[in-house]
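Written out below as C-alpha cells is the structure these notes cover.
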Ligand code: NAD
C-alpha cells in the first residue's frame with residue numbers, strides 16, 4: 001500500500017489540484033524516502049490564489065472587518081495552532097527532519113504568542129494628528145494595509161518563519177498568499193487543513209506551492225500583489241528583490257548570516273562553551289543566526305577549544321523521533337550534498353579539521369554531525385559564506401579593535417554573540433558590531449515583542465514587535481481644511 005500523501009494547494013478556502021497536473025516530491029530526510037507529493041503551481045494557480053486574496057481584501061469579509069474583529073480572528077488562529085502543535089510538528093519533522101522538541105513546544109508558547117500579541121495590536125495601532133505649519137488645516141496620519149501580501153518562506157523553519165509573517169500581516173488588515181519552500185511545503189499545507197476549523201474569512205489565507213523562479217517570481221510580479229515578505233538565502237532574496245523592483249513593490253527581506261561568537265579571555269568558560277555549542281549544533285546549523293564563526297581570544301583558545309570538543313563529541317546524532325537524539329538529520333539531500341562539498345573543499349584548501357561530522361553518515365537518511373575547523377583565515381570561504389549546516393570555524397584574536405574588525409568583515413550582519421564577565425566591555429562591543437541582533441552571555445533568544453532583522457546583506461525590514469506590524473502597513477496623510485479658502489490662481 002502506498003503511503004505517499006498527495007497534497008493540493010489552497011485558494012479561496014478550497015483545495016485545488018494544480019492546473020499543470022504536475023507534482024514534485026518531498027523526501028523524509030531521516031530515511032531518504034519520498035513521502036509526499038506537492039502541487040507544482042503555475043501562473044493560472046497563482047491567479048486563482050491572488051484573486052481570492054484580492055476579493056477578500058476589497059469585497060470582504062476580511063477587508064471590511066473592524067480591527068477588533070480582526071483581532072478575534074488572530075486569537076482563534078493562535079488557539080488552533082497551539083491545540084494542534086504536535087500534529088504540525090510531526091509533519092515538519094517528516095518534511096525537514098527538525099527534532100519535535102525544537103518545534104512542538106514553541107508552537108504552544110512563544111510562537112503562537114505572536115497571534116495574541118498582534119491580536120491585541122489590531123485596534124491599538126493609532127494614527128496621529130500632525131501640528132502642521134499650514135494654517136487652518138487638520139492634518140492626520142493613518143496606518144493602512146497594503147492589500148494582498150505575498151509571504152515567501154524558507155525550508156529550515158517553515159511554520160516558525162510563517163507565523164512571524166502571518167500574524168502581523170493579517171493583523172495589519174492585509175490578506176495573504178503564502179509560498180512555502182519547495183523543499184518543505186507540507187507543514188504549511190497541513191496548517192491550512194487545521195485552520196479550516198477556525199472558520200476563517202474566505203480568501204484571507206491562500207497557499208501556492210512550487211519553485212522559486214516558476215512560482216515565487218510570478219507571484220511577486222503579479223500586478224495585484226502589493227507587498228512581499230521574503231525569508232531565505234541572500235541569493236534568493238536578491239533575485240526576489242529584482243522581481244519586486246519590476247513593479248516597484250516594497251519587500252522586506254530576512255536573509256542569511258555568518259554570525260560571530262566573540263569569546264573574551266574573561267568569559268565564563270563553561271557558559272561560553274555551552275552557549276557556542278547551543279548556538280549552532282542542536283539545529284544542525286539550520287538557523288539563519290547560527291554562530292558559525294567562533295572568534296576566541298588567543299590566550300584561552302587552547303582551553304576553550306579543548307572544552308568545546310569535549311562537549312561536542314558527546315552529541316547524539318540520530319533519527320529525529322528517537323527521544324535520545326540531540327541532533328537530527330540534514331533537512332534535505334541538496335543541502336546535505338552542499339554541506340559535504342563545503343567540508344571537502346575546506347579540507348582540500350588545507351584547513352585543519354578538529355572534528356569531522358561525516359563520521360555520523362548513515363546508510364539511509366542524511367546525517368552529518370558537528371564539524372569544526374581550526375585556525376580558519378577570515379578571508380577563507382568558510383569564514384565568509386553561509387554553510388547552513390553543522391560546520392563551524394575557529395579563529396583567534398589579540399585585542400578588541402582586531403576582533404571588531406574580524407567580526408564585521410563579512411557581507412552579512414544578522415546576529416553576534418559576546419561572551420565576557422565585563423559588562424562595560426560587552427556594551428562597548430555590542431555598539432560596534434554590525435548586526436541586527438546582539439547577544440551578551442546568551443544566544444538564540446527571540447520573542448514576539450522584540451524586532452529582528454539584518455544589517456548589510458542579511459536583509460532589511462523588521463519582524464516582530466511594534467516594527468513588525470509597521471512592516472505590513474503604509475501611512476496616509478490626509479489634509480482637511482478647517483476654514484476652506486482657495487483663491488483663483490489665475
Ligand atoms: P532560498 O533563498 O533558496 O529560498 C527561500 C524561498 O524563496 C523559497 O520559497 C524559494 O522557492 C523562494 N525563491 C527562491 N528564488 C526565488 C526567486 N527568484 N523568486 C521568488 N522566490 C524565490 O532559501 P532557503 O534555502 O529556502 O532557506 C535557507 C536560507 O534562509 C538561509 O540562507 C538562511 O539563513 C535563511 N533564513 C533567514 C532567516 C532570517 O530570519 N533572516 C530565517 C530563516 C532562514
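Observations, loosely collected:
- Residue check, residue 265 within 16 Å of the ligand (Cβ to nearest atom), in contact (Cβ under 8 Å) with a residue 24 or more places away in the chain, over 25 Å from residue 389 (Cα atoms) and not in a strand (DSSP E or B): no
- Residue in segment 138-159 that is assigned to a loop (DSSP other than H, G, I, E, B), under 27 Å from residue 476 (Cβ atoms) and either in contact (Cβ under 8 Å) with a residue 12 or more places away in the chain or within 16 Å of the ligand (Cβ to nearest atom) (or both) present: yes
- Enumeration of residues in segment 437-451 that are touching a helix residue (DSSP H, G or I) at 6+ places or on another chain (Cβ under 9 Å), within 14 Å of the ligand (Cβ to nearest atom) and within 23 Å of residue 263 (Cβ to Cβ): 444, 446
- Where helices (runs of 4 or more DSSP H) fall entirely within segment 374-472, those with at least 3 residues that are within 25 Å of the chain's Cα centre (by Cα) and buried (at least 17 other Cβ atoms within 10 Å of the Cβ) are at 381-384, 465-470.
- Segment 174-183: number of residues that are near the ligand (Cβ under 8 Å from one of its atoms) and part of a loop (DSSP other than H, G, I, E, B): 4
- Filtered residue count, segment 217-237, keeping only those that are within 11 Å of the ligand (Cβ to nearest atom) and within 18 Å of residue 50 (Cα to Cα): 8
- Residue among 251, 289 that alone is under 30 Å from residue 470 (Cβ atoms) and in contact with a helix residue (DSSP H, G or I) (Cβ under 6 Å, 6 or more places away or on another chain): 251
- Screening 104, 75, 161, 175 for residues that are surrounded by 22 or more Cβ atoms within 10 Å (Cβ to Cβ) and in contact with a helix residue (DSSP H, G or I) (Cβ under 9 Å, 6 or more places away or on another chain) leaves exactly one candidate, 175.
- Whether a residue is in contact (Cβ under 8 Å) with a residue 12 or more places away in the chain, near the ligand (Cβ under 9 Å from one of its atoms) and crowded, with 19+ Cβ neighbours inside 10 Å was assessed, and residue 275 does not pass this test.
- Tabulated pairs, segment 244-258, first under 19 Å from residue 153 (Cα atoms), second near the ligand (Cβ under 10 Å from one of its atoms) and at pLDDT below 95, C-beta under 6 angstrom, 6+ apart or interchain: 255/234; 256/234
- Sole exception among (1) more than 9 Å from the ligand (Cβ to nearest atom); (2) farther than 25 Å from residue 8 by Cβ; (3) buried (at least 23 other Cβ atoms within 10 Å of the Cβ) for residue 257, by number: (1)
- Condition met for residue 240 (assigned to a helix (DSSP H, G or I), within 11 Å of the ligand (Cβ to nearest atom), crowded, with 18+ Cβ neighbours inside 10 Å and touching a residue at least 60 places away in the same chain (Cβ under 8 Å)): yes
- Residue in segment 50-68 that is in contact with a strand residue (DSSP E or B) (Cβ under 8 Å, 6 or more places away or on another chain), assigned to a strand (DSSP E or B) and more than 30 Å from residue 283 (Cα to Cα) present: no
- Looking only at residues in segment 280-337 that are under 25 Å from the mean Cα position of the chain (by Cα) and part of a helix (DSSP H, G or I), the one that is nearest to residue 409 (Cα to Cα) is 281.
- Among residues of segment 27-51 that are on the phi > 0 side of the Ramachandran plot, those with a beta-carbon under 8 Å from a residue that is in a helix (DSSP H, G or I) at least six positions away or on a different chain give the pairs 32/333.
- In segment 243-254, residue surrounded by the most Cβ atoms within 10 Å (Cβ to Cβ) [restricted to those that are more than 6 Å from the ligand (Cβ to nearest atom) and assigned to a helix (DSSP H, G or I)]: 244
- Candidates 421, 333, 425: the one that is in contact with a strand residue (DSSP E or B) (Cβ under 7 Å, 6 or more places away or on another chain) and at negative phi is 333.
- Within segment 332-350, residues that are farther than 23 Å from residue 97 by Cα have Cβ atoms under 6 Å from residues that are part of a helix (DSSP H, G or I) and within 16 Å of the ligand (Cβ to nearest atom) in these pairs: 346/382, counting only partners at least 6 apart in sequence or on another chain.
- Of all residues in segment 196-211 being in contact with a helix residue (DSSP H, G or I) (Cβ under 6 Å, 6 or more places away or on another chain) and not in a loop (DSSP other than H, G, I, E, B), the one that is nearest to the ligand (Cβ to nearest atom): 207
- Taking residues in segment 471-490 that are not assigned by TED's automatic domain parsing to the domain that holds residue 126, and partners anywhere that are surrounded by 10 or more Cβ atoms within 10 Å (Cβ to Cβ) and in a loop (DSSP other than H, G, I, E, B), the pairs with Cβ atoms closer than 6 Å and at least 6 places apart or on different chains are 482/136; 483/136.
- Close pairs (6 angstrom Cβ cut-off, 6 or more residues apart or separate chains): without any contact (Cβ under 8 Å) to a residue 40 or more places away in the chain in segment 187-216, surrounded by 24 or more Cβ atoms within 10 Å (Cβ to Cβ) and part of a loop (DSSP other than H, G, I, E, B) anywhere: 188/180
The values are calculated or read from the model by the stated rules, or taken from the named source; none is laboratory data. Predicted model only: the values in this text are computed from it and were never measured. Neighbour counts are summed over all protein chains in view; Cβ atoms, including those assigned to glycine, are modelled from backbone coordinates with ideal geometry.
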